[in-house]
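Asks: One structure, as C-alpha coordinates, below. Some questions next.
The values are calculated or read from the model by the stated rules, or taken from the named source; none is laboratory data. Note that the structure is predicted; figures quoted are calculated from it, not measured. In this analysis, Cβ positions are derived from the backbone assuming ideal geometry, glycine residues included, and neighbour counts consider all displayed protein chains.
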(Lines give C-alpha, C1' and ligand atoms only; values in the text may rest on other atoms or scores of the structure.)
Protein backbone atom coordinates (compact mmCIF):
# COMPACT_ATOMS: atom_id res chain seq x y z
CA UNK A 1 0.00 0.00 0.00
CA UNK A 2 1.38 3.37 -0.94
CA UNK A 3 1.97 6.04 1.77
CA UNK A 4 -0.98 8.14 0.51
CA UNK A 5 -3.42 5.22 0.64
CA UNK A 6 -5.78 5.10 3.62
CA UNK A 7 -8.99 3.24 4.28
CA UNK A 8 -11.94 4.85 2.57
CA UNK A 9 -15.66 4.07 2.37
CA UNK A 10 -17.19 4.00 -1.10
CA UNK A 11 -20.46 2.83 -2.62
CA UNK A 12 -20.73 0.07 -5.21
CA UNK A 13 -22.45 2.53 -7.54
CA UNK A 14 -19.16 4.45 -7.66
CA UNK A 15 -17.50 1.48 -9.42
CA UNK A 16 -20.07 -0.03 -11.73
CA UNK A 17 -20.03 1.01 -15.35
CA UNK A 18 -16.56 2.57 -15.16
CA UNK A 19 -14.24 1.68 -18.09
CA UNK A 20 -11.25 -0.65 -17.76
CA UNK A 21 -8.01 -0.22 -19.70
CA UNK A 22 -5.00 -2.43 -20.28
CA UNK A 23 -2.06 -1.30 -18.16
CA UNK A 24 0.40 -2.42 -20.85
CA UNK A 25 -1.36 -1.36 -24.05
CA UNK A 26 -3.87 1.21 -22.86
CA UNK A 27 -6.59 -0.52 -24.91
CA UNK A 28 -10.19 -0.88 -23.73
CA UNK A 29 -10.97 -4.01 -21.72
CA UNK A 30 -14.67 -3.53 -21.12
CA UNK A 31 -16.32 -2.07 -18.06
CA UNK A 32 -16.69 -2.82 -14.36
CA UNK A 33 -19.77 -5.02 -14.12
CA UNK A 34 -19.83 -6.45 -10.60
CA UNK A 35 -17.92 -7.13 -7.37
CA UNK A 36 -17.53 -10.58 -5.80
CA UNK A 37 -17.23 -11.08 -2.04
CA UNK A 38 -16.70 -14.16 0.13
CA UNK A 39 -19.00 -15.03 3.05
CA UNK A 40 -16.53 -16.61 5.44
CA UNK A 41 -16.08 -13.83 8.02
CA UNK A 42 -18.25 -11.40 9.98
CA UNK A 43 -18.07 -8.95 7.07
CA UNK A 44 -17.74 -10.37 3.52
CA UNK A 45 -14.27 -9.86 2.10
CA UNK A 46 -14.14 -8.70 -1.51
CA UNK A 47 -12.41 -11.15 -3.89
CA UNK A 48 -12.28 -8.92 -6.89
CA UNK A 49 -13.92 -6.89 -9.62
CA UNK A 50 -15.90 -8.51 -12.43
CA UNK A 51 -15.13 -7.02 -15.85
CA UNK A 52 -17.51 -7.36 -18.74
CA UNK A 53 -16.46 -7.08 -22.39
CA UNK A 54 -19.44 -7.73 -24.65
CA UNK A 55 -20.81 -11.04 -23.27
CA UNK A 56 -17.60 -12.21 -21.58
CA UNK A 57 -17.05 -11.90 -17.81
CA UNK A 58 -13.67 -12.19 -16.08
CA UNK A 59 -12.54 -11.65 -12.48
CA UNK A 60 -9.84 -9.13 -11.64
CA UNK A 61 -8.40 -9.30 -8.07
CA UNK A 62 -7.74 -5.58 -7.76
CA UNK A 63 -5.59 -4.15 -4.98
CA UNK A 64 -6.80 -1.46 -2.60
CA UNK A 65 -4.78 1.11 -4.49
CA UNK A 66 -6.38 0.05 -7.79
CA UNK A 67 -9.86 0.45 -6.26
CA UNK A 68 -9.02 3.97 -5.12
CA UNK A 69 -7.48 4.84 -8.50
CA UNK A 70 -10.70 3.62 -10.11
CA UNK A 71 -12.66 6.03 -7.92
CA UNK A 72 -10.41 9.04 -8.29
CA UNK A 73 -9.37 8.64 -11.96
CA UNK A 74 -12.68 7.32 -13.21
CA UNK A 75 -11.29 4.18 -14.86
CA UNK A 76 -9.58 0.91 -13.86
CA UNK A 77 -6.05 0.10 -15.01
CA UNK A 78 -5.80 -3.66 -15.48
CA UNK A 79 -2.70 -5.86 -15.24
CA UNK A 80 -3.74 -8.48 -17.79
CA UNK A 81 -1.54 -11.19 -16.24
CA UNK A 82 -3.70 -11.19 -13.09
CA UNK A 83 -7.03 -11.72 -14.84
CA UNK A 84 -8.80 -14.94 -13.76
CA UNK A 85 -11.87 -16.82 -15.04
CA UNK A 86 -15.15 -15.69 -13.56
CA UNK A 87 -16.17 -18.52 -11.25
CA UNK A 88 -18.13 -18.36 -8.01
CA UNK A 89 -17.08 -20.64 -5.17
CA UNK A 90 -19.47 -22.13 -2.62
CA UNK A 91 -18.98 -19.18 -0.26
CA UNK A 92 -18.90 -16.44 -2.90
CA UNK A 93 -21.56 -13.80 -3.44
CA UNK A 94 -22.14 -11.60 -6.46
CA UNK A 95 -23.08 -8.21 -5.04
CA UNK A 96 -25.01 -7.37 -8.17
CA UNK A 97 -27.02 -10.60 -8.29
CA UNK A 98 -27.61 -11.04 -4.56
CA UNK A 99 -27.91 -7.48 -3.22
CA UNK A 100 -28.29 -4.89 -5.98
CA UNK A 101 -32.00 -4.00 -6.26
CA UNK A 102 -32.81 -7.09 -4.18
CA UNK A 103 -34.69 -7.51 -0.94
CA UNK A 104 -32.88 -8.37 2.27
CA UNK A 105 -34.06 -8.97 5.79
CA UNK A 106 -32.98 -6.35 8.31
CA UNK A 107 -32.82 -8.60 11.38
CA UNK A 108 -32.34 -5.66 13.74
CA UNK A 109 -35.45 -3.85 12.48
CA UNK A 110 -37.26 -7.15 11.77
CA UNK A 111 -38.44 -6.05 8.33
CA UNK A 112 -37.81 -6.50 4.62
CA UNK A 113 -35.84 -3.78 2.84
CA UNK A 114 -34.79 -3.17 -0.76
CA UNK A 115 -31.07 -2.59 -1.31
CA UNK A 116 -30.34 0.53 -3.35
CA UNK A 117 -26.56 0.49 -2.88
CA UNK A 118 -23.76 -1.35 -1.11
CA UNK A 119 -21.09 0.27 1.06
CA UNK A 120 -17.51 -1.01 0.77
CA UNK A 121 -14.49 -0.35 2.98
CA UNK A 122 -11.44 0.03 0.70
CA UNK A 123 -7.96 -0.38 2.11
CA UNK A 124 -5.27 -3.04 2.22
CA UNK A 125 -8.19 -5.45 2.02
CA UNK A 126 -11.76 -4.72 0.94
CA UNK A 127 -14.95 -5.49 2.82
CA UNK A 128 -18.72 -5.19 2.47
CA UNK A 129 -19.73 -3.20 5.56
CA UNK A 130 -23.25 -1.79 4.95
CA UNK A 131 -26.19 -1.88 2.60
CA UNK A 132 -27.97 1.38 1.77
CA UNK A 133 -31.76 1.06 1.78
CA UNK A 134 -32.49 4.79 1.65
CA UNK A 135 -33.77 7.15 -1.02
CA UNK A 136 -30.31 8.69 -1.25
CA UNK A 137 -28.96 5.38 -2.57
CA UNK A 138 -31.45 5.45 -5.42
CA UNK A 139 -30.64 9.08 -6.23
CA UNK A 140 -26.93 8.29 -6.19
CA UNK A 141 -27.34 5.52 -8.72
CA UNK A 142 -29.39 7.76 -10.98
CA UNK A 143 -26.71 10.46 -10.73
CA UNK A 144 -29.13 12.90 -9.08
CA UNK A 145 -27.84 12.89 -5.51
CA UNK A 146 -25.70 16.04 -5.71
CA UNK A 147 -28.40 18.08 -7.42
CA UNK A 148 -31.33 16.86 -5.32
CA UNK A 149 -29.84 17.27 -1.83
CA UNK A 150 -29.59 21.11 -2.06
CA UNK A 151 -33.15 21.23 -3.38
CA UNK A 152 -34.34 19.08 -0.50
CA UNK A 153 -32.53 21.26 2.05
CA UNK A 154 -34.12 24.38 0.56
CA UNK A 155 -37.52 22.73 1.11
CA UNK A 156 -36.66 21.93 4.72
CA UNK A 157 -36.05 18.24 4.01
CA UNK A 158 -32.89 16.24 4.53
CA UNK A 159 -31.98 13.28 2.34
CA UNK A 160 -29.73 11.00 4.36
CA UNK A 161 -28.14 7.63 3.77
CA UNK A 162 -30.01 4.78 5.45
CA UNK A 163 -27.28 2.27 6.13
CA UNK A 164 -27.73 -1.15 7.71
CA UNK A 165 -24.61 -2.83 9.08
CA UNK A 166 -23.86 -6.11 7.34
CA UNK A 167 -24.04 -7.97 10.66
CA UNK A 168 -27.80 -7.28 10.66
CA UNK A 169 -28.34 -8.31 7.01
CA UNK A 170 -29.67 -11.63 5.77
CA UNK A 171 -29.82 -11.89 1.96
CA UNK A 172 -32.86 -13.70 0.61
CA UNK A 173 -31.94 -13.83 -3.08
CA UNK A 174 -31.27 -17.31 -4.46
CA UNK A 175 -28.26 -18.36 -6.46
CA UNK A 176 -29.71 -21.04 -8.66
CA UNK A 177 -32.85 -22.62 -10.03
CA UNK A 178 -32.51 -25.21 -7.23
CA UNK A 179 -33.22 -22.47 -4.67
CA UNK A 180 -29.78 -22.81 -3.12
CA UNK A 181 -29.75 -20.42 -0.17
CA UNK A 182 -26.99 -17.94 0.51
CA UNK A 183 -24.48 -19.37 2.94
CA UNK A 184 -25.33 -18.86 6.60
CA UNK A 185 -24.39 -15.36 7.76
CA UNK A 186 -24.48 -13.67 11.12
CA UNK A 187 -27.78 -12.23 9.88
CA UNK A 188 -29.17 -15.74 9.36
CA UNK A 189 -28.13 -16.75 12.86
CA UNK A 190 -29.86 -13.67 14.25
CA UNK A 191 -32.88 -14.44 12.07
CA UNK A 192 -33.49 -17.53 14.21
CA UNK A 193 -33.62 -15.29 17.30
CA UNK A 194 -36.50 -13.10 16.09
CA UNK A 195 -40.03 -13.64 17.37
CA UNK A 196 -42.02 -16.01 15.13
CA UNK A 197 -44.63 -13.28 14.62
CA UNK A 198 -41.95 -10.92 13.28
CA UNK A 199 -40.58 -13.63 11.01
CA UNK A 200 -44.09 -14.40 9.75
CA UNK A 201 -44.57 -10.75 8.78
CA UNK A 202 -41.22 -10.82 6.98
CA UNK A 203 -42.08 -14.06 5.18
CA UNK A 204 -45.35 -12.65 3.88
CA UNK A 205 -43.51 -9.65 2.38
CA UNK A 206 -41.20 -11.84 0.29
CA UNK A 207 -41.63 -13.42 -3.12
CA UNK A 208 -42.21 -17.17 -3.45
CA UNK A 209 -38.54 -17.99 -4.18
CA UNK A 210 -37.29 -15.65 -1.46
CA UNK A 211 -39.52 -17.39 1.06
CA UNK A 212 -37.82 -20.68 0.24
CA UNK A 213 -34.37 -19.13 0.72
CA UNK A 214 -35.38 -17.63 4.04
CA UNK A 215 -36.95 -20.86 5.31
CA UNK A 216 -33.76 -22.71 4.38
CA UNK A 217 -31.85 -20.36 6.70
CA UNK A 218 -34.13 -21.13 9.66
CA UNK A 219 -33.83 -24.03 12.06
CA UNK A 220 -36.67 -26.55 11.78
CA UNK A 221 -38.32 -25.64 15.10
CA UNK A 222 -38.15 -21.92 14.28
CA UNK A 223 -39.53 -22.54 10.77
CA UNK A 224 -42.42 -24.49 12.33
CA UNK A 225 -43.26 -21.62 14.71
CA UNK A 226 -43.16 -19.17 11.80
CA UNK A 227 -45.52 -21.24 9.65
CA UNK A 228 -47.99 -21.42 12.54
CA UNK A 229 -48.15 -17.61 12.49
CA UNK A 230 -48.74 -17.25 8.73
CA UNK A 231 -51.97 -17.62 6.79
CA UNK A 232 -52.91 -20.84 5.03
CA UNK A 233 -51.94 -19.69 1.53
CA UNK A 234 -48.38 -18.88 2.63
CA UNK A 235 -48.07 -22.12 4.58
CA UNK A 236 -49.22 -24.12 1.59
CA UNK A 237 -46.93 -22.40 -0.94
CA UNK A 238 -43.90 -22.82 1.32
CA UNK A 239 -44.48 -26.51 2.07
CA UNK A 240 -45.40 -27.44 -1.52
CA UNK A 241 -42.05 -26.10 -2.75
CA UNK A 242 -40.04 -28.28 -0.32
CA UNK A 243 -39.03 -31.89 -0.71
CA UNK A 244 -41.02 -34.33 1.44
CA UNK A 245 -38.22 -34.94 3.97
CA UNK A 246 -37.65 -31.24 4.73
CA UNK A 247 -41.39 -30.57 4.88
CA UNK A 248 -41.85 -33.50 7.27
CA UNK A 249 -39.04 -32.26 9.55
CA UNK A 250 -40.74 -28.87 9.88
CA UNK A 251 -44.33 -30.13 10.19
CA UNK A 252 -43.30 -32.58 12.93
CA UNK A 253 -42.19 -29.54 14.95
CA UNK A 254 -45.55 -27.77 14.53
CA UNK A 255 -48.39 -27.85 17.04
CA UNK A 256 -50.36 -30.99 16.03
CA UNK A 257 -53.69 -29.29 15.27
CA UNK A 258 -51.97 -26.68 13.10
CA UNK A 259 -49.95 -29.40 11.37
CA UNK A 260 -53.10 -31.39 10.62
CA UNK A 261 -54.82 -28.32 9.17
CA UNK A 262 -51.82 -27.64 6.94
CA UNK A 263 -51.64 -31.22 5.68
CA UNK A 264 -55.38 -31.20 4.91
CA UNK A 265 -54.91 -28.08 2.78
CA UNK A 266 -52.53 -30.00 0.47
CA UNK A 267 -53.56 -32.42 -2.21
CA UNK A 268 -53.88 -36.00 -1.03
CA UNK A 269 -50.74 -37.23 -2.81
CA UNK A 270 -48.49 -34.51 -1.32
CA UNK A 271 -49.99 -34.90 2.14
CA UNK A 272 -49.48 -38.68 2.12
CA UNK A 273 -45.87 -38.37 0.92
CA UNK A 274 -45.01 -35.93 3.70
CA UNK A 275 -46.65 -38.09 6.39
CA UNK A 276 -44.74 -41.14 5.13
CA UNK A 277 -41.49 -39.16 5.56
CA UNK A 278 -42.15 -38.61 9.29
CA UNK A 279 -39.48 -40.12 11.51
CA UNK A 280 -41.78 -40.87 14.44
CA UNK A 281 -44.53 -43.46 14.04
CA UNK A 282 -46.39 -42.03 17.04
CA UNK A 283 -46.45 -38.51 15.55
CA UNK A 284 -47.60 -39.97 12.23
CA UNK A 285 -50.49 -41.83 13.86
CA UNK A 286 -51.55 -38.77 15.90
CA UNK A 287 -51.68 -36.53 12.84
CA UNK A 288 -53.57 -39.07 10.78
CA UNK A 289 -56.14 -39.29 13.58
CA UNK A 290 -56.48 -35.51 13.87
CA UNK A 291 -57.09 -35.28 10.14
CA UNK A 292 -60.16 -37.53 10.46
CA UNK A 293 -62.12 -35.06 12.59
CA UNK A 294 -64.61 -32.67 11.02
CA UNK A 295 -63.55 -29.06 10.63
CA UNK A 296 -64.41 -26.69 13.49
CA UNK A 297 -64.95 -29.46 16.03
CA UNK A 298 -63.00 -29.99 19.22
CA UNK A 299 -61.22 -32.96 17.65
CA UNK A 300 -59.88 -30.82 14.77
CA UNK A 301 -58.68 -28.03 17.09
CA UNK A 302 -57.03 -30.05 19.84
CA UNK A 303 -53.37 -30.77 20.36
CA UNK A 304 -52.15 -34.17 21.45
CA UNK A 305 -49.25 -32.61 23.36
CA UNK A 306 -50.23 -32.55 27.04
CA UNK A 307 -49.21 -33.94 30.42
CA UNK A 308 -51.34 -36.68 31.95
CA UNK A 309 -50.68 -38.69 35.11
CA UNK A 310 -52.43 -41.23 37.31
CA UNK A 311 -54.11 -40.18 40.54
CA UNK A 312 -51.55 -42.09 42.62
CA UNK A 313 -48.65 -39.92 41.43
CA UNK A 314 -47.17 -37.55 44.01
CA UNK A 315 -46.91 -33.81 43.47
CA UNK A 316 -43.12 -34.15 43.43
CA UNK A 317 -43.24 -36.85 40.75
CA UNK A 318 -45.60 -34.78 38.63
CA UNK A 319 -43.39 -31.68 38.84
CA UNK A 320 -40.41 -33.75 37.74
CA UNK A 321 -42.43 -34.98 34.77
CA UNK A 322 -43.33 -31.37 33.94
CA UNK A 323 -39.66 -30.40 33.95
CA UNK A 324 -38.79 -33.29 31.63
CA UNK A 325 -41.62 -32.48 29.21
CA UNK A 326 -41.18 -28.70 29.19
CA UNK A 327 -38.82 -28.75 26.19
CA UNK A 328 -41.30 -30.69 24.06
CA UNK A 329 -44.69 -29.33 25.13
CA UNK A 330 -45.35 -25.66 24.47
CA UNK A 331 -48.54 -25.14 26.46
CA UNK A 332 -48.60 -27.04 29.74
CA UNK A 333 -50.87 -24.86 31.85
CA UNK A 334 -52.48 -27.86 33.47
CA UNK A 335 -51.69 -31.43 34.40
CA UNK A 336 -54.52 -33.86 33.67
CA UNK A 337 -55.28 -36.76 36.00
CA UNK A 338 -56.88 -40.11 35.15
CA UNK A 339 -58.17 -42.92 37.36
CA UNK A 340 -57.16 -46.57 37.34
CA UNK A 341 -59.42 -47.21 34.32
CA UNK A 342 -57.71 -44.47 32.29
CA UNK A 343 -60.68 -42.10 32.47
CA UNK A 344 -60.12 -38.39 32.94
CA UNK A 345 -61.12 -37.31 36.45
CA UNK A 346 -59.68 -33.82 36.76
CA UNK A 347 -56.98 -31.25 36.15
CA UNK A 348 -54.54 -29.25 38.27
CA UNK A 349 -52.88 -25.99 37.37
CA UNK A 350 -49.11 -25.66 37.72
CA UNK A 351 -49.68 -22.82 40.18
CA UNK A 352 -51.76 -25.16 42.37
CA UNK A 353 -49.10 -27.89 42.22
CA UNK A 354 -46.30 -25.49 43.17
CA UNK A 355 -48.17 -24.58 46.36
CA UNK A 356 -48.67 -28.15 47.54
CA UNK A 357 -46.57 -30.55 49.58
CA UNK A 358 -44.46 -32.67 47.14
CA UNK A 359 -45.43 -35.86 48.97
CA UNK A 360 -49.19 -35.50 48.47
CA UNK A 361 -51.03 -37.63 45.90
CA UNK A 362 -52.51 -35.55 43.07
CA UNK A 363 -55.70 -37.61 43.10
CA UNK A 364 -56.51 -36.19 46.53
CA UNK A 365 -56.20 -32.58 45.31
CA UNK A 366 -58.81 -32.62 42.55
CA UNK A 367 -61.95 -30.51 42.50
CA UNK A 368 -65.16 -32.54 42.11
CA UNK A 369 -66.28 -30.51 39.05
CA UNK A 370 -64.72 -31.62 35.74
CA UNK A 371 -65.04 -29.23 32.80
CA UNK A 372 -64.33 -30.96 29.49
CA UNK A 373 -65.35 -31.09 25.84
CA UNK A 374 -66.28 -33.98 23.59
CA UNK A 375 -64.53 -34.74 20.30
CA UNK A 376 -67.59 -33.58 18.36
CA UNK A 377 -68.16 -30.38 20.37
CA UNK A 378 -68.65 -27.50 17.94
CA UNK A 379 -67.07 -24.04 17.88
CA UNK A 380 -69.98 -22.37 19.64
CA UNK A 381 -69.77 -24.77 22.59
CA UNK A 382 -65.99 -24.45 22.77
CA UNK A 383 -66.19 -20.65 22.79
CA UNK A 384 -68.90 -20.74 25.44
CA UNK A 385 -66.78 -22.93 27.71
CA UNK A 386 -63.75 -20.66 27.39
CA UNK A 387 -65.88 -17.60 28.13
CA UNK A 388 -67.65 -19.21 31.07
CA UNK A 389 -64.62 -20.64 32.88
CA UNK A 390 -61.74 -18.46 31.60
CA UNK A 391 -59.45 -21.48 31.39
CA UNK A 392 -56.28 -21.30 29.28
CA UNK A 393 -56.91 -24.81 27.97
CA UNK A 394 -59.78 -27.30 27.90
CA UNK A 395 -59.49 -31.11 27.79
CA UNK A 396 -61.22 -33.12 25.05
CA UNK A 397 -62.59 -36.59 25.90
CA UNK A 398 -63.95 -39.41 23.80
CA UNK A 399 -67.29 -41.11 24.54
CA UNK A 400 -65.57 -43.39 27.05
CA UNK A 401 -64.25 -40.49 29.11
CA UNK A 402 -60.62 -40.97 28.02
CA UNK A 403 -58.56 -37.83 27.41
CA UNK A 404 -57.78 -37.53 23.69
CA UNK A 405 -56.37 -34.01 23.46
CA UNK A 406 -56.34 -30.45 24.74
CA UNK A 407 -57.54 -27.22 23.13
CA UNK A 408 -55.50 -24.18 24.13
CA UNK A 409 -57.12 -20.77 23.91
CA UNK A 410 -53.99 -19.43 22.19
CA UNK A 411 -54.03 -21.88 19.30
CA UNK A 412 -57.81 -21.87 18.81
CA UNK A 413 -58.18 -18.09 19.07
CA UNK A 414 -58.57 -17.43 15.32
CA UNK A 415 -61.42 -19.93 15.01
CA UNK A 416 -63.05 -18.81 18.27
CA UNK A 417 -62.85 -15.06 17.65
CA UNK A 418 -66.12 -14.63 15.66
CA UNK A 419 -68.07 -16.52 18.33
CA UNK A 420 -66.36 -14.66 21.18
CA UNK A 421 -67.19 -11.37 19.48
CA UNK A 422 -70.87 -12.27 19.06
CA UNK A 423 -71.07 -13.31 22.72
CA UNK A 424 -69.45 -10.05 23.79
CA UNK A 425 -71.89 -8.00 21.66
CA UNK A 426 -74.81 -9.91 23.13
CA UNK A 427 -73.71 -8.96 26.65
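Asks: Restricting to strands (runs of 3 or more DSSP E) lying wholly in segment 75-119: which have 1 or more residues that are farther than 26 Å from residue 202 by Cβ?
Replies: Correct list: 76-78.
Asks: Something else about it: Yes or no: residue 64 free of Cβ contacts under 8 Å to residues at least 60 places away in the same chain, within 40 Å of the chain's Cα centre (by Cα) and either over 16 Å from residue 12 (Cα atoms) or surrounded by 16 or more Cβ atoms within 10 Å (Cβ to Cβ) (or both)?
Replies: So residue 64 does not fit the description; no.
Asks: Tell me which residues, restricted to segment 260-294, are in a helix (DSSP H, G or I), within 26 Å of the chain's Cα centre (by Cα) and more than 23 Å from residue 375 (Cβ to Cβ).
Replies: Within segment 260-294, 270, 272, 273, 274, 276 qualify.
Asks: OK, next. Out of the residues in segment 296-326 meeting the condition of being assigned to a loop (DSSP other than H, G, I, E, B) and in contact (Cβ under 8 Å) with a residue 12 or more places away in the chain, tell me which one is farthest from residue 359 (Cα to Cα). Before you say what the answer is, go through the steps one by one.
Replies: Applying the first criterion (assigned to a loop (DSSP other than H, G, I, E, B)) to segment 296-326 yields 296, 302, 304-306, 311-313, 326.
Filter again for in contact (Cβ under 8 Å) with a residue 12 or more places away in the chain, leaving 296, 302, 304-306, 311-313.
Working: 296: 41, 302: 32, 304: 28, 305: 26, 306: 23, 311: 13, 312: 11, 313: 9 Å.
Filtering segment 296-326 for residues that are assigned to a loop (DSSP other than H, G, I, E, B) and in contact (Cβ under 8 Å) with a residue 12 or more places away in the chain, the one farthest from residue 359 (Cα to Cα) comes out as 296.
Asks: If a residue has to be in contact (Cβ under 8 Å) with a residue 60 or more places away in the chain and more than 14 Å from residue 301 (Cβ to Cβ) to count, how many in segment 241-272 make the cut?
Replies: 1
Asks: Another question about this same structure. Condition (residue is farther than 22 Å from residue 412 by Cβ, touching a residue at least 24 places away in the same chain (Cβ under 8 Å), part of a helix (DSSP H, G or I) and touching a strand residue (DSSP E or B) at 6+ places or on another chain (Cβ under 7 Å)) applied to segment 364-372: is it met by at least one residue?
Replies: Scanning segment 364-372, I find no residue that is farther than 22 Å from residue 412 by Cβ, touching a residue at least 24 places away in the same chain (Cβ under 8 Å), part of a helix (DSSP H, G or I) and touching a strand residue (DSSP E or B) at 6+ places or on another chain (Cβ under 7 Å), so the answer is no.
Asks: Would you check which residues across segment 355-376 are surrounded by fewer than 13 Cβ atoms within 10 Å (Cβ to Cβ) and more than 16 Å from residue 322 (Cβ to Cβ) and list them?
Replies: 357, 359, 364, 367, 368, 369
Asks: Name the residue that is nearest to residue 328 (Cα to Cα), counting only residues in segment 237-258 that are assigned to a helix (DSSP H, G or I) and at pLDDT below 90.
Replies: Of all residues in segment 237-258, those assigned to a helix (DSSP H, G or I) come to 237-240, 244-251, 256-258.
Adding the requirement that they be at pLDDT below 90 leaves 256-258.
Working: 256: 12, 257: 15, 258: 16 Å.
Among those that are assigned to a helix (DSSP H, G or I) and at pLDDT below 90, it is 256.
Asks: Given the structure, is residue 223 part of a helix (DSSP H, G or I) and either closer than 24 Å to residue 343 by Cβ or modelled with pLDDT under 90 (or both)?
Replies: No, not satisfied.
Asks: Go through the residues of segment 374-382 one by one and say whether even a single one is out of contact with any helix residue (DSSP H, G or I) (no Cβ under 7 Å at 6 or more places or on another chain), modelled with pLDDT of 90 or more and not in a loop (DSSP other than H, G, I, E, B).
Replies: yes
Asks: Continuing with this model, one more query. Limited to segment 86-101, what total is found for residues that are in contact with a strand residue (DSSP E or B) (Cβ under 9 Å, 6 or more places away or on another chain) and farther than 18 Å from residue 161 by Cβ?
Replies: Residues that pass the stated criteria total 11.
Asks: Related question: Does segment 121-134 contain at least one residue that is out of contact with any helix residue (DSSP H, G or I) (no Cβ under 9 Å at 6 or more places or on another chain), touching a residue at least 60 places away in the same chain (Cβ under 8 Å) and closer than 24 Å to residue 201 by Cα?
Replies: No, because not a single residue in segment 121-134 is out of contact with any helix residue (DSSP H, G or I) (no Cβ under 9 Å at 6 or more places or on another chain), touching a residue at least 60 places away in the same chain (Cβ under 8 Å) and closer than 24 Å to residue 201 by Cα.
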